[in-house]
Amino acid sequence: MFYGAGVWDPWLIVAQIVCLQCLYYLTLGVFMAILVGTRVSRMSLVYFFDFSTLTGATVTGWCVIASFGLSALAGAVFLLYLIERAKKCLDFSATLYVIHLFICIIYGGWPSSITWWVVNGTCLAMMALLGEYLCIRRELLEIPITRYRSNV
């Protein structure tokens, strides 16, 4: 969709970052509603941005971790359609998680849980690597030029 000439376009980059961030939080919200919403009496932004909810000590904490993991996998598909270039996947994935870190710091302070860092680091790696793999697979597809071939 946004794949074009090699001209540096800052507005395009900002639009891609905003779209990717919004789609990431939208899918995170859907997965949280399905996995966590059925376990708690009231959903809130605590499950999105507070580092203390990412814990392996409770079933709800594992559901939050699973939601982040599934959102990272969905983010890789978003990279395929929004970014379309394998060499840019790591940049956009890292930008998404750095913005998420800043939001978490503003919301609940510096994440002091090692689980938070492991989960987000793993999700960053999953999103970047799977996104690169999917983009490389698309870039390697043969370009169809059927109208120039003779019918033999």
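Okay, here's what the table says:
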{"item": "Selected residue (only one of GLY56, GLY69 is under 11 Å from the mean Cα position of the chain (by Cα) and surrounded by fewer than 17 Cβ atoms within 10 Å (Cβ to Cβ))", "result": "GLY69"}
{"item": "Test result for THR55, within 17 Å of GLY108 (Cβ to Cβ), outside any helix (DSSP H, G or I) and β-branched (Val, Ile, Thr)", "result": "yes"}
{"item": "Residue check for VAL77: more than 14 Å from the chain's Cα centre (by Cα) and either modelled with pLDDT under 95 or at negative phi (or both)", "result": "no"}
{"item": "Subset of the stretch 91-100 that is free of Cβ contacts under 8 Å to residues at least 60 places away in the same chain and of a type in the set (A, V, I, L, M) - its residue that is surrounded by the fewest Cβ atoms within 10 Å (Cβ to Cβ)", "result": "VAL98"}
{"item": "Checklist (1) modelled with pLDDT of 95 or more; (2) out of contact with any Pro (no Cβ under 9 Å at 6 or more places or on another chain); (3) under 18 Å from LEU45 (Cα atoms) applied to GLY108, failing item", "result": "(1)"}
{"item": "Subset of the stretch 134-143 that is surrounded by fewer than 19 Cβ atoms within 10 Å (Cβ to Cβ) and part of a helix (DSSP H, G or I) - its residue that is modelled with the lowest pLDDT", "result": "GLU139"}
{"item": "Subset of the stretch 101-133 [under 19 Å from CYS63 (Cα atoms), assigned to a helix (DSSP H, G or I) and in contact (Cβ under 8 Å) with a residue 12 or more places away in the chain]", "result": "CYS104, THR115, TRP116, VAL119, ASN120, THR122, CYS123, LEU124, MET126, MET127"}
{"item": "Count of residues meeting criterion [over 16 Å from ILE13 (Cα atoms) and either part of a helix (DSSP H, G or I) or in contact with a helix residue (DSSP H, G or I) (Cβ under 7 Å, 6 or more places away or on another chain) (or both)] in the stretch 58-96", "result": "19"}
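The values are calculated or read from the model by the stated rules, or taken from the named source; none is laboratory data. Just so it is clear, the structure is predicted and the values come from calculations on it, not from any experiment. For neighbour counting, all protein chains shown are included, and Cβ atoms are generated from backbone atoms with ideal geometry for every residue, glycine included.
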